[in-house]
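The values are calculated or read from the model by the stated rules, or taken from the named source; none is laboratory data. Everything numeric in this text was worked out from a predicted model, so none of it was measured. As a convention, Cβ positions derive from the backbone with ideal geometry for all residues, glycine included, and neighbour counts pool all protein chains shown. What goes into the accessible areas is simple: the full protein's heavy atoms, side chains included, and nothing from ligands, DNA or RNA. Shrake-Rupley method; radii C 1.70, N 1.55, O 1.52, S 1.80 Å.
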Amino acid sequence: MGCDVDFYLLKRDVLVAKFIELEKNDDDYIFFKNYLIEKNIIEGNTYSKTDANILIQKIKRDTLLLKRDELYYIRSYIFEVSVGIKKYGYIPEDKRFVKKMKQFGFELIHEISHGCASLFLLSLGDSESVDYSSWNYDERDRMNLKKEEFLRELDYIILLHSKIQLRECDDLDKKNELIGTINNLEKNELLKNIVESHFDTAMEDEKLMNNSWTILFNARELTKKVETVEDGIIILDS
């Protein structure tokens, strides 16, 4: 199974300001409202319709409450007004789309578009164990995170796959680097215990093992990029 995964930095105050502006402009609001109605009809959302007014009020109240489907709709709407998805199809690298996304507060900081993308998402899913007991699953979506929440998920992936790579590595310098990473992350007792409980199962997963180094590389790259930001992280796959 393959997919593309995009990681966005979201400047939440910018997104809120754009939708307050949209709400005040009758033409823009009507277009957004009709766009959502059409999307609901096309996708057959009879019982879980996304309503323009409800979505805007949620954005104004707290952008952390936005669910995956709502974020998809927002991204799709931005593409429609910047490029025209009906005419051109979805082309994420289109410069007009990238510019409009930034105007709404979204900046693409990393993407995974090869075979390990779906496995990376699965690893993120496994990392939920780190803060499962304190997470309100009724209100929050794991694709819409605070910086510190996402960094905890990356720590899980880095620790798990560093331990996997240590088993496979013959290079002394790389081994020492992996040991240093493991020792540092295992200072977190909860993280250490959770990774240990998942380790044997991970070692038996052939696809995960074959992509372990690439997953580790992407987690490290994301950590570097996220450590210096102050706003939220949005994860969208396609």
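What number does segment 1-84 give for Rg over Rh if you use C-alpha atoms and the Kirkwood radius?
Here Rg/Rh amounts to 0.96.
Could I get the Rg over Rh figure for segment 144-190? Both from C-alpha atoms, Rh via Kirkwood, rounded to two places.
Using only Cα positions, Rg/Rh for segment 144-190 is 1.06.
Select one label from (1) 37, 18, 16; (2) 40, 21, 18; (3) 28, 22, 19: the one whose number is semi-axes √(5λ) of the Cα gyration tensor in Å as derived from the coordinates shown.
It is the one labelled (1).
Grab the Cα-Cα distance for K146 and S76, subtract it from 0.36 nm times how many residues apart they are, and report the gain in nm with one decimal.
23.0 nm
If I take every Cα pair under 8 Å that is 6 or more residues apart in the chain, average their sequence separation and divide by the length, what percent do I get for the relative contact order? It would help to have the intermediate numbers written out before the result.
Values: 261 pairs, mean separation 80.7, N = 238.
For the chain, the relative contact order is 34 percent.
Could you work out how much longer the chain between D69 and N188 gets when fully extended? Use 0.36 nm per residue separation minus the Cα distance between them, nm to one decimal.
Contour length minus Cα-Cα distance gives 39.5 nm.
Let me check I've understood the local charge: for Y29, count other residues with C-beta under 11 angstrom from its C-beta, Lys and Arg +1, Asp and Glu -1. What total comes out?
-3
Between 0 and 90 degrees, rounded to the nearest ten: what's the tilt of helix 26-43 against the longest Cα principal axis of the chain?
That works out to roughly 60 degrees.
What net charge is computed for the residues neighbouring L160, neighbours being all others with C-beta under 10 Å from the C-beta of L160, Lys and Arg scored +1, Asp and Glu -1?
Working: positive: K163; negative: D126, D155, E196.
Neighbour charge sum, excluding L160 itself: -2.
Taking all protein chains as present, what is the carbon and sulfur share of the accessible area of segment 3-87, in % to the nearest whole number, probe 1.4 Å? Don't skip to the end; give the middle numbers.
Details: 2260 of 4530 Å².
On segment 3-87, the fraction of accessible area on carbon and sulfur atoms equals 50 percent.
Which loop-located GluC sites (Glu not before Pro) does segment 99-202 contain, where loop means any DSSP state but H, G, I, E or B and the Cβ has at most 10 other Cβ atoms within 10 Å?
Filter output for segment 99-202: E139.
Would you calculate the volume per residue, in Å³, of the smallest convex hull containing every Cα atom of segment 168-237?
With only Cα atoms used, segment 168-237 gives 139 Å³ per residue.
Chymotrypsin sites (Phe, Trp or Tyr not before Pro), restricted to segment 101-196: which are DSSP loop and have at most 12 other Cβ atoms within 10 Å? If you can, show how the numbers build up before the last one.
Numbers: sites: F104, F106, F120, Y132, W135, Y137, F150, Y156; in loops: F104, W135, Y137.
In loop regions of segment 101-196 (DSSP not H, G, I, E or B), the sparsely surrounded chymotrypsin sites (Phe, Trp or Tyr not before Pro) are Y137.
Against the longest principal axis of the chain, how steep is helix 52-61, in degrees 0 to 90 to the nearest 10, with axes from Cα atoms?
50
For S238 and K60, calculate 0.36 nm times their separation in residues minus their Cα-Cα distance, and state this gained length in nm to one decimal.
Extra length available between S238 and K60 comes to 61.4 nm.
Would you calculate, for the chain, the mean residue ellipticity at 222 nm contributed by helices, counting each DSSP H stretch of 4 or more residues as -39,500 (n - 2.57) and dividing by all residues, to the nearest 500?
Numbers: 12 runs with 150 residues, N = 238.
Per the formula, -20000 deg cm²/dmol.
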